[in-house]
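Chemist: Pasting a structure here, questions to come.
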Amino acid sequence: MQPLNITWPGYGKGEGVTRDYAETVKWLRKSADQGFVKALNNLGWIYQKGEGVTRDYAEALKWWGKAADHGDARSQFDIGWMYHQGQGVTQDYAEAMKWFRKAAEQGDAVAQRHIGGMYHDGEGVTRDYAEAAKWVRKSAEQGDAKAQHYLGMMYSSGEGVVEDPLMAYALLSLAAATDDNARQVFVGFEGKLSPGQKAKAQKMADEFKSKYQQ
């Protein structure tokens with residue numbers, strides 16, 4: 001008998017059927033019981049959001065824990081976020097950092113960005129702008145727009161990096177393509193550079209994108 005590889009069935013999306021989260025939970029459980037990691041992660045989200053079930057953070061953590069046991073980076077990040085926010089658990093930045101690192105070491109760009117943010121703000125660690133820039137850069141190089149925005153602002157202010165308005169412009173221009181907040185900042189930043197500087201900065205943006213975002 002073939003296993004049910006169901007991660008987010010049509011009932012949850014309303015594809016060809018009336019949207020029915022209770023039915024989604026039923027089918028996700030069948031898939032999760034057979035060890036499909038994405039189903040385990042999605043069950044965690046179902047309980048975290050309370051869609052088709054009573055919102056239950058402890059139950060969300062349980063399912064994410066099962067997925068994390070399989071090495072799922074997204075679930076590792078989700079557990080870290082719960083500890084960071086204090087949802088269903090006592091807020092614990094050290095525990096959040098532990099789980100973020102597990103995901104970040106697997107290349108999860110969002111986890112890398114959050115580690116950078118924790119070093120920047122001194123959450124559970126000694127504030128360290130250089131360490132913050134290192135982690136945010138890892139995320140930015142993977143194309144994470146929020147990280148590109150974050151790193152651009154660090155270059156603008158010289159936090160953890162040598163102040164460089166051209167690199168700040170380059171990163172903000174990349175982020176602005178998909179991130180509304182970055183777009184608003186970028187519009188205001190444009191007036192600070194001459195046309196020649198903008199041309200150089202745009203070339204830097206193109207080179208950054210070409211090098212890291214294949």
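FYI, it's all coordinate maths here, none of it is from the lab. Owing to the predicted nature of the structure, the values given are computational and were not obtained by experimental measurement.
Chemist: Enter the angle in degrees (range 0 to 90, nearest 10) between the Cα long axis of helix 57-69 and the first principal axis of the Cα atoms of the chain, meaning the one along which they spread out most.
Modeler: So the inclination is approximately 80 degrees.
Chemist: Return the ratio Rg/(2.2 N^0.38 Å) for the range 89-214, where Rg is computed over Cα atoms only. Mind showing how you got there, number by number?
Modeler: On the way: Rg = 14.9 Å, N = 126, 2.2 N^0.38 = 13.8 Å.
Against the empirical 2.2 N^0.38 Å value, I get 1.08 for the range 89-214.
Chemist: Does anyone have the angle between helix 129-141 and the longest principal axis of the chain? Alpha-carbon axes, 0 to 90°, nearest 10?
Modeler: The two axes meet at around 70 degrees.
Chemist: How far is the Cα center of the range 162-214 from the Cα center of the range 86-108, in Å?
Modeler: Distance between centres, Cα-based: 31 Å.
Chemist: Can you give me the angle between helix 73-85 and the longest principal axis of the chain, using Cα atoms only, in degrees from 0 to 90, rounded to the nearest 10?
Modeler: Orientation of helix 73-85: about 80 degrees from the principal axis.
Chemist: When the chain is treated as a GNM, springs tying every alpha-carbon pair under 10 Å, which of 62, 134, 192 comes out with the largest mean-square fluctuation?
Modeler: Maximum fluctuation in the GNM of the chain, among the listed residues, is at 192.
Chemist: Check the straight Cα-Cα distances from residue 138 and name the aspartates and glutamates below 15 Å, setting aside those fewer than 8 residues away within the same chain.
Modeler: Answer for residue 138, where 15 Å is the Cα cut-off: 105, 108, listed by chain and number.
Chemist: Running a GNM on the chain with Cα contacts under 10 Å, which residue among 80, 143, 191 ends up with the highest mean-square fluctuation?
Modeler: 191
Chemist: Now a separate question. Choose one answer from 190, 59, 141: the residue with the largest mean-square fluctuation in a GNM of the chain with alpha-carbon springs under 10 Å.
Modeler: Result for the chain, Cα springs under 10 Å: 190 fluctuates most.
Chemist: Tell me the Kirkwood hydrodynamic radius of the chain in angstroms, computed as one over the mean inverse distance between distinct C-alpha pairs.
Modeler: Numbers: mean 1/r = 0.0527 Å⁻¹.
About 19.0 Å for the chain.
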